[in-house]
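Below you'll find the structure, written out as structure tokens, and then a few comments.
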Amino acid sequence: MSIILKAEKLSKWYGNVLGISEISIEITSGIHGLLGPNGAGKSTFLKIASGQLKPNIGKIKIFGEDVFNNYKLFSKIGFCPEYDSYYKEITGLEFMLFSAKCHGFEGVKAEQAAESALKRVGLTENKGKLISSYSLGMRQKLKLATSIVHDPEFLILDEPLKGIDPIWRVKIIEMIKEFESQGKTIIVSSHILPEVEAMTNNVILIHQGKIFAQGDIQEIRDLIDTHPHKISVKCDKHRLIADKMINSNFVLNLQFKDKENEVIINTNNREIFFDSLMGIVVDNNINVQEITSPDDNLQAVFDYLIGR
């Protein structure tokens, strides 16, 4: 399988602030999830990959060509940035026509490309409205439409599902998977694991500006399932739960918040913990108000792996 993107010792900093540091990576066709907590360097890497930023050190090539200031290459790349920046006093259709013309479309072909992209993201009914009246979700869809209007071979999507309603999240995920079936290359960034998990098994972990790991998403799932978890249980018998679990080998420690009728338990095995918890709840007729896992996220996984 041919290499589509190749980065070698890529670094970018803003004054004294490090964006990314010595990133070396090779990406082939298909969908690749770029995962990391907020501030990890995802957007900086994607802006460099899309030609928006020039690295301080290192090289990056897409389709074997240098990216920065390579205008011909941009016709093959579609970029959906994390934040939007529109001419808000024009309509969605007018903006899409402008975008199509920037990619060399003219006349009827520009109109067809604009209409097709708007339809794919569900904005046909709102194409005549001013962008200033668009909701967050509609502006997000317009960004996505702009990135696909010229039918690029390489799609770079920075948090593309942010602000999108649940129904269209599913449709956009299916659209991205359809692009993969057409032989396109897609990089999708997110700090939410299930979003990426719904699209691909190929993930790239980035943390503090460096590539932490690259591989199958099941490996990441295994990390999440085995790292210590803090779990909060609010119920009418929180001390009884603590008493039943305190000597279990899967419980590391626990603490009480009596005013909230809450017990917080640290466990090193979520699966066994929840099996045990459900048994205790049923056997003792406990009324549970809430069970939450406040650190069940990528930030917690990264913190655990780096600190251990």
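The values are calculated or read from the model by the stated rules, or taken from the named source; none is laboratory data. Note that the structure is predicted; figures quoted are calculated from it, not measured. A quick note on method: Cβ atoms are made from the backbone with ideal geometry, for glycine too, and the neighbour counts reach across all protein chains shown. We work out accessible area using only protein heavy atoms, side chains counted, and drop any ligands, DNA or RNA first. Shrake-Rupley method; radii C 1.70, N 1.55, O 1.52, S 1.80 Å.
Of the residues making up segment 280-293, those that are more than 11 Å from ILE241 (Cβ to Cβ) and open to solvent by less than 60 Å² (accessible area, probe 1.4 Å) number 2. Considering segment 115-132 alone, what residues qualify as being free of Cβ contacts under 8 Å to residues at least 40 places away in the same chain and either over 21 Å from ARG169 (Cα atoms) or open to solvent by 80 Å² or more (accessible area, probe 1.4 Å) (or both)? The answer is LYS119, GLU125, GLY128, LYS129. Scanning segment 234-255 for residues that are assigned to a strand (DSSP E or B) and without any contact (Cβ under 8 Å) to a residue 12 or more places away in the chain yields a count of 1. One residue stands out in segment 181-200 among those that are surrounded by fewer than 17 Cβ atoms within 10 Å (Cβ to Cβ) and not β-branched (Val, Ile, Thr): the one that is nearest to the chain's Cα centre (by Cα), namely PRO194. Scanning segment 75-114 for residues that are polar (S, T, N, Q) and either open to solvent by less than 70 Å² (accessible area, probe 1.4 Å) or within 16 Å of LYS141 (Cβ to Cβ) (or both) returns SER75, SER85, THR91, SER99.
Among residues of segment 265-293 that are in contact (Cβ under 8 Å) with a residue 12 or more places away in the chain, those with a beta-carbon under 6 Å from a residue that is open to solvent by 40 Å² or more (accessible area, probe 1.4 Å) and among the charged types (D, E, K, R) at least six positions away or on a different chain give the pairs ASN266/LYS230; ILE280/LYS244; ILE286/LYS237; ASN287/ASP236; GLN289/LYS234; GLU290/LYS234. Criterion first (closer than 30 Å to PRO55 by Cβ, open to solvent by less than 20 Å² (accessible area, probe 1.4 Å), in contact with a strand residue (DSSP E or B) (Cβ under 6 Å, 6 or more places away or on another chain) and not aromatic (Phe, Trp, Tyr)) does LEU161 satisfy it? So LEU161 fails the test.
Only residues that are under 29 Å from GLY163 (Cβ atoms), at pLDDT 95 or above, more than 25 Å from the chain's Cα centre (by Cα) and not polar (S, T, N, Q) were counted across segment 44-91, and they come to 1.
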